[in-house]
Amino acid sequence: MSLILTFLGKGGVERTKIAIAAAKLLASQGKRVLLAGLAEPVLPILLDQTLTPDPQEIAPNLQVVQFQSSVLLERSWEEVKKLEAQYLRTPIFKDVYGQELVVLPGMDSALALNAIREYDASGKYDAIIYDGTGDSLTLRLLGMPESLSWYVRRFQQLFVNSDLGKTIAESPLIQPLISSFFNVNWTADNFALPTNQVNGFLDKGKAALADPNRVAAFLVSTPDPLQVASSRYLWGSAQQIGLTVGGVILVSPEPQVNLSEEFTPLPVSVVPDVPTGEWQPVIDALPNFVEQALQAPRPIEIDTHNRQVRLFLPGFDKKQVKLTQYGPEVTIEAGDQRRNLFLPPALTGRQVTGAKFQNNYLIISF
């Protein structure tokens with residue numbers, strides 16, 4: 001399994017430079033590295049390479065790939081048709097070809113996440129550096145496994161308990177009709193059969209996101225106050241999806257600049273703002289990514305003995321954090337991110353008895 005590393009921040013060019021330098025650093029340490037970027041001109045210009053939708057080696061231990069959504073959609077469509085054939089007796093997508101599909105808004109993130117998952121599962125890489133948009137869209141991308149798992153478990157149970165679900169399960173007339181269309185027996189007992197595969201995939205994604213050995217992010221900023229404010233916001237938003245932020249990389253021509261107070265307790269590494277192509281000074285100033293990620297505050301801590309949940313939400317104040325409990329789970333809103341807490345059995349179903357926001361932590365008692 002690979003270390004998946006990404007960078008968050010407002011400055012697109014600085015962030016891409018750090019991603020390239022990080023990839024070169026890890027490759028020089030003997031790790032097999034894949035640098036994955038979007039279909040935009042910045043990455044190939046900085047690398048002085050023509051990139052393709054397939055990985056190509058540009059240096060020892062270092063391969064680069066450019067995610068082109070139309071190509072990823074075309075390739076994924078064939079997998080969709082295989083899945084359809086598995087469950088439908090008469091597939092309906094077989095006459096729709098991937099080469100004619102148009103990428104719709106939102107597809108890019110799902111396609112990129114699936115591509116990262118496949119490269120990770122291939123076993124060919126020790127580290128995957130993802131040079132994405134570096135903003136809330138990247139966070140929604142990485143948070144998709146947890147978000148989708150909530151939709152699956154919430155709406156699956158609603159369907160099973162609904163009149164329609166009960167009718168399908170109990171009617172002697174509907175069952176034969178459904179069986180004539182599907183390759184599986186859709187009853188209340190095994191309604192989860194196809195979703196079990198989905199849940200397994202999502203659970204692996206959630207487990208990886210929660211493990212700083214597997215997935216971590218670093219903030220990239222300049223001393224500009226607007227970029228600092230944006231980075232602090234992204235820091236808190238990353239915690240909302242359960243993503244560990246290991247530290248801050250500050251791009252500055254002045255090595256003595258100090259922003260430790262704004263990002264405490266994260267370590268701040270200052271790297272020089274050098275001309276394009278001069279990678280060694282940047283590489284030499286980069287931190288140990290894994291070591292810092294392991295020492296960073298965990299996004300969530302669950303204390304079943306004291307019946308408490310602690311969420312680390314830096315970058316937000318008390319007025320920006322909202323807690324509700326409409327459904328079976330507790331919902332946290334901070335900034336523009338919403339998270340439903342999947343609680344352990346010891347806390348499942350319990351009502352919230354108290355909550356306070358203190359020292360960047362939201363502390364919830366049950």
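The values are calculated or read from the model by the stated rules, or taken from the named source; none is laboratory data. Not measured: the values here are computed from a predicted model. Methodologically, a virtual Cβ is constructed for each residue, glycine included, from the backbone with ideal geometry; neighbour enumeration extends over all protein chains shown. The accessibility values were calculated without ligands, DNA or RNA, using every heavy atom of the protein model including side chains. Shrake-Rupley method; radii C 1.70, N 1.55, O 1.52, S 1.80 Å.
If Y119, Y233, Y125 are ordered by their accessible area, calculated over protein heavy atoms with a 1.4 Å probe, which sequence runs from highest to lowest?
Y233, Y119, Y125
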Can you tell me the order of 1-12, 330-341 when each peptide is scored by its average per-residue count of other Cβ atoms within 10 angstrom, highest first? 1-12, 330-341
So how do 217-224, 50-57 stack up, highest first, on mean other-Cβ count within 10 Å? 217-224, 50-57
Using the per-residue mean of other Cβ atoms lying within 10 Å as a proxy for protection, in what order, highest first, do the peptides 265-275, 17-27, 32-42 fall? 17-27, 32-42, 265-275
Tabulate in residue order the Karplus-calculated ³J(HN,Hα) for the stretch 133-144, using 6.51 cos²θ - 1.76 cosθ + 1.60 with θ = phi - 60°, rounded to whole Hz; enter x for Gly and Pro. 6, x, 10, 4, 5, 5, 5, 5, 4, 5, x, 4
The percentage of the accessible area of the stretch 200-253 (probe 1.4 Å, all protein chains present) made up of carbon and sulfur atoms, to the nearest whole number, is 64
With the stretch 227-366 reduced to its Cα atoms and the Debye formula applied, log10 I(q)/I(0) at q = 0.13, 0.19, 0.22 1/Å amounts to -0.64, -1.09, -1.34
Could you rank R153, R15, R350 by how accessible they are, 1.4 Å probe, largest area first? R350, R153, R15
With θ set to phi - 60°, apply the Karplus curve 6.51 cos²θ - 1.76 cosθ + 1.60 along the stretch 111-128 and write out the HN-Hα couplings as whole Hz, x wherever there is a Gly or Pro. 5, 5, 4, 5, 5, 4, 4, 5, 5, 5, 6, 5, x, 8, 10, 8, 8, 10
Would you pull out the residues with amide H under 5 Å of V271's amide H, same chain only if 5 or more places away, H placed 1.01 Å from N? L250, V251, S252
Given Cβ charges of +1 for Lys and Arg and -1 for Asp and Glu, the option among A121, M144, G132 whose Cα lies farthest towards the positive end of the dipole of the stretch 120-159 is M144
Starting at the first residue of the stretch 253-267, write each ³J(HN,Hα) from the Karplus equation 6.51 cos²θ - 1.76 cosθ + 1.60 with θ = phi - 60°, in whole Hz, x for Gly and Pro. x, 9, x, 8, 4, 10, 10, 4, 5, 5, 10, 4, x, 6, x
Going by amide H atoms built from the backbone, whose H comes under 5 Å of the H on L8, apart from near neighbours? F218, L219, V220
